[in-house]
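**Q** Got a structure for you, questions after.
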Amino acid sequence: MLEEKLKNVREKSPLIHNITNYVTVNDCANVVLACGASPIMADDQEEVAEITSICTGLNINIGTLNSRTIESMLIAGKKANELHHPVVLDPVGVGASTLRTQTALKLLDEIQFSVIRGNISEIKTLALGSGTTKGVDANIADKVTKENIKEVVRFAQEFSRKTGAVIAITGAIDLVCNQEKAFAIENGHAMMSSITGTGCQLSALTASFISANPAHLLEATLAAVCTMGLAGEIAHTRLTHLDGNASYRNYIIDAIYNMTPQQLQEGAKYQEVLFKKRGQL
């Protein structure tokens, strides 16, 4: 399943429009290139609709939100919907300020998103309309664990039902779900949290995967999340005692660039989250 999704990215090389944040924009562009897609970064209101029109998919990230780009996001998102292009929302830090929360909710109200990807605190804030975050990080109280995973899945699936989007919740345990199915992924390494923007990179990667596999949004999102996590594992094996988080960031991009479909299929650590049917013990 995952093998085919990466093959399609490499073969189709979709052009991805990213309206993303200036902290991680270069890394996002390089991750898109590494997986086999092509990035374009444009956020001026005068050209976003035109740029979206020539692309295959759109990635909207509110990480360094400003009043100039809010309207650009809305214009690009509506144009992508009009053209039936897949759209990813990364609601970075939603809940940390009134502007972020109101903007994310407005985007959610006016644009049909294919995938919404964030940490558990961000997803809860979007779903409930308000919340708190630790800056752009998840609150420790919201942590997804093996003990509460089914509860979180039920919550995410209800949010998927309301939005019509695949919901990707990333953390120590990643969750990818739609209304019918849910997957838990345990790829990755704890050191990934020491790099600014691995989540932003994953959203750009997800836009690449779903644009190359538009008929299989759930599976393509799963493949993207597994690719990023596996790259984090592979990159960590390359570190020497002289390397730090800067080297690790580069090794992650290298790992995505060099990853084969077979390597992804064999290295992905995921399983479907199943619920007992009524009447079963």
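The values are calculated or read from the model by the stated rules, or taken from the named source; none is laboratory data. Computed from a predicted structure; not experimentally measured. Don't worry about glycine lacking a Cβ; one is built from the backbone with ideal geometry, like all the others, and counts go over all protein chains shown. Side chains included, ligands, DNA and RNA excluded: accessible areas come from the protein's heavy atoms. Shrake-Rupley method; radii C 1.70, N 1.55, O 1.52, S 1.80 Å.
**Q** Stokes-Einstein D for segment 3-79 at 20 °C, 1.002 mPa s, Kirkwood Rh over Cα pairs, in µm²/s?
**A** 168
**Q** Show me the helices of the chain, taken as full DSSP H stretches, that run 30 Å or more along their long axis by Cα and average -1.0 or above in Kyte-Doolittle hydropathy.
**A** Those that clear 30 Å and a mean of -1.0 are 217-237.
**Q** Strictly greater than 23 Å: what percent of every Cα pair in the chain meets that?
**A** Above the 23 Å cut-off, the chain has 49 percent of its Cα pairs.
**Q** Using +1 at the C-beta of Lys and Arg and -1 at the C-beta of Asp and Glu, which of L239, T221, Q271 has the Cα lying farthest in the positive direction of the dipole of segment 178-272?
**A** L239
**Q** First measure r as the distance between the Cβ atoms of S247 and V23, then evaluate 1/(1 + (r/R0)^6) with R0 = 25 Å and state the FRET efficiency to the nearest 0.05.
**A** 0.85
**Q** Say the cut-off is 25 Å between C-alpha atoms; which of K12/K150; K150/K269; K78/K143; K12/K146 go over it?
**A** The answer is K12/K150; K78/K143; K12/K146.
**Q** Can you list which of the trypsin sites (Lys or Arg not before Pro) found in segment 188-281 are DSSP loop residues with at most 12 other C-beta atoms within 10 Å?
**A** Counting only loop positions with at most 12 other Cβ atoms within 10 Å, the trypsin sites (Lys or Arg not before Pro) in segment 188-281 are K276, K277, R278.
**Q** Measuring from centroid to centroid over Cα atoms, what is the spacing of segment 99-132 and segment 218-252 in Å?
**A** The two parts, judged by their Cα centres, are 27 Å apart.
**Q** What would the Debye equation give as log₁₀ I(q)/I(0) for segment 50-172 at q = 0.09, 0.13, 0.16, 0.21 Å⁻¹, counting only Cα atoms as equal point scatterers?
**A** Per q value, in the given order, log10 I(q)/I(0) is -0.24, -0.49, -0.73, -1.18.
**Q** Further, regarding this structure: Can you give the accessible area per residue of the chain, in Å², using a 1.4 Å probe?
**A** About 45 Å² of surface per residue is accessible.
**Q** Per DSSP H run of n ≥ 4, the term is -39500 (n - 2.57); total these for the chain, divide by its residue number, and report the mean residue ellipticity at 222 nm rounded to 500 deg cm²/dmol.
**A** Calculated at 222 nm, the ellipticity per residue is -15500 deg cm²/dmol.
**Q** If you don't mind, another one. Need the full-extension length gain, E4 to T240, defined as separation in residues times 0.36 nm minus the C-alpha distance. One decimal, nm.
**A** Roughly 81.6 nm would be gained on extension.
**Q** In the chain, what percent of the accessible surface is made up of carbon and sulfur (1.4 Å probe, ligands and nucleic acids excluded)?
**A** 49
**Q** Residues in segment 23-44, backbone N under 18 Å from the label point at R68 (7 Å along the Cα-to-beta-carbon vector): list them, ranges by number please.
**A** It comes to 23-26, 41-44, nothing else.
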